[in-house]
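Asker: Below is the structure I would like to discuss, written out as structure tokens.
The values are calculated or read from the model by the stated rules, or taken from the named source; none is laboratory data. What you are looking at is a predicted structure, and each value in this text was computed from that prediction instead of being measured. Note that each Cβ is placed from the backbone with ideal geometry, even for glycine, and that neighbours are counted across all protein chains shown. These accessible areas exclude ligands, DNA and RNA; they are computed on the full protein's heavy atoms, side chains included. Shrake-Rupley method; radii C 1.70, N 1.55, O 1.52, S 1.80 Å.
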Amino acid sequence: MNILVTGGAGYIGSHVVKQLLEDTDYSVTIVDNLSTGSRKTLDTLRAIRDFKFVELDLKEFDKILPILEENSIDTIIHFAASIVVPESVENPLDYYMNNTVNTTNLIDKAVKVGVERFIFSSTAAVYGEPSSTPISGLDENFPTAPINPYGMSKLMSENVLKDASFAYPKFKHVAFRYFNVAGADVYYNSDNKLEPRIGQSFPNATHLIKIASECALGKREKMAIFGDDFATEDGTGVRDYIHIDDLASAHIQAIEYLKVNDSDTFNVGYGKGYSVKEVVEEVKRVTNRDFQVDNAPRRAGDPALLISNNSKIKQKMNWTPKYNNLGLICQSAYEWEKIV
Ligand code: UD1
């Protein structure tokens, strides 16, 4: 099998590439514009097994088709996208162009050359601001109603995929709605010490656990909690944090899944929520470091609570998470932060 991974030098893409190189014999081609992805990550991955790398922005429409043809691509795993919620509120058109328009073009070219499988990174942001969350979490049938352009840009792409798979039955897809992805490569060195080889490398990343890890290391003097007046138990935002390696393994399983099953949409999360305050306390606990945490106003486009119902992926894909442990998520993020 010949897999194209867009955004393979980025945070999530690189963890999927790692598993493709380690656990399969598929040939891998990465397309990445290196805007948030890193060359160093590509070098680290190449030490596992070789792959092809094309530095390209997906907005260069005319260059996609030859890449698919020359590499006989049968499966695309598409990560390349913009992902920062507040930024999407400020620059909505950038998000619709980079996320929806470029994805639509990629799908168009994929259908033209007969790509059979397309695995898409969507987001829990498609659910918007649920007025109430069922005890069992949000399932895939929960109404979608994004409250920011980022979530909408991804939902629109999901719809393009659905229509394409309906019209062209040979073209099948899985859309994964990620909850809050965090942590880094669970790799133990020869001293049996956790020492991630890859992780979140982008210096201006906005993720909560990365920011708290930077504070624990003294790279950042302090951090802020964005809003303590949400309708949650302690007033701070609640999210379902999932370890990056568990998220990555779902993508590897999706390739096999689509060989025998129809297109579908799956949540990927652990089905358990933690508040911002709880996460910050956990980072302090596992790192044994204290740091200053201020209160700040809510961030634009932030919903109060997002927790997945993950029954569908567990049942239909037999997905079995290995790292459902907030301590390990925070510890791996912190250990990576020491290295990067
Ligand atoms: C993240 C993803 C988004 C995905 C969503 C799904 C990123 C950049 N965003 O968004 O793509 O759709 O999960 O649930 O990966 N917070 C603070 N202080 C900080 C940073 C964050 O209080 O310094 C709070 C936020 O207000 C929020 C929570 O921590 O309540 C998580 O924030 P963040 O890690 O940025 O992720 P999301 O915005 O939830």
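Asker: Determine if region 63-72 includes at least one residue that is touching a residue at least 60 places away in the same chain (Cβ under 8 Å), of a type in the set (A, V, I, L, M, F, W, C) and over 27 Å from residue 162 (Cβ atoms).
Answerer: Looking for residues that are touching a residue at least 60 places away in the same chain (Cβ under 8 Å), of a type in the set (A, V, I, L, M, F, W, C) and over 27 Å from residue 162 (Cβ atoms), one finds none in region 63-72, hence no.
Asker: Consider region 123-142. How many of its residues are at pLDDT 90 or above and open to solvent by 50 Å² or more (accessible area, probe 1.4 Å)?
Answerer: The number of residues fulfilling the criteria is 2.
Asker: Right, here's the next one. Could you list, in sequence order, all residues of region 190-211 that are loosely packed, with under 15 Cβ neighbours inside 10 Å and at pLDDT below 95?
Answerer: Within region 190-211, 203, 204, 206 meet the criteria.
Asker: Output the residues belonging to region 279-297 that are under 16 Å from residue 183 (Cβ atoms) and surrounded by fewer than 15 Cβ atoms within 10 Å (Cβ to Cβ).
Answerer: Listed by number, the list holds a single entry, 285.
Asker: Another question, if that's okay. For region 297-317, give me each residue that is more than 16 Å from the ligand (Cβ to nearest atom) and either without any contact (Cβ under 8 Å) to a residue 60 or more places away in the chain or assigned to a loop (DSSP other than H, G, I, E, B) (or both).
Answerer: Across region 297-317, the qualifying residues are 314, 315, 316, 317.
Asker: Test each condition in (1) without any contact (Cβ under 8 Å) to a residue 60 or more places away in the chain; (2) within 24 Å of residue 250 (Cα to Cα) for residue 33 and report the one that comes out false.
Answerer: Of everything listed in (1) without any contact (Cβ under 8 Å) to a residue 60 or more places away in the chain; (2) within 24 Å of residue 250 (Cα to Cα), residue 33 misses just condition (2).
Asker: So which residues in region 215-234 are touching a strand residue (DSSP E or B) at 6+ places or on another chain (Cβ under 8 Å) and surrounded by 16 or more Cβ atoms within 10 Å (Cβ to Cβ), if there are any at all?
Answerer: Matches in region 215-234: 215, 223, 225, 226, 227, 228, 230, 232.
Asker: Could I ask something else about it? Could you please find all residues in region 170-203 being within 14 Å of the ligand (Cβ to nearest atom) and over 28 Å from residue 265 (Cβ atoms)?
Answerer: Matches in region 170-203: 201, 203.
Asker: Pull up region 82-122, narrow it to residues that are open to solvent by 30 Å² or more (accessible area, probe 1.4 Å) and under 19 Å from residue 251 (Cα atoms), then point me to the one that is nearest to the ligand (Cβ to nearest atom).
Answerer: Per the criteria, the residue is 83.
Asker: Considering every residue within region 153-163, establish whether at least one is within 14 Å of the ligand (Cβ to nearest atom), surrounded by 21 or more Cβ atoms within 10 Å (Cβ to Cβ), under 16 Å from residue 333 (Cβ atoms) and aliphatic (A, V, I, L, M).
Answerer: No, there is no match, as no residue in region 153-163 is within 14 Å of the ligand (Cβ to nearest atom), surrounded by 21 or more Cβ atoms within 10 Å (Cβ to Cβ), under 16 Å from residue 333 (Cβ atoms) and aliphatic (A, V, I, L, M).
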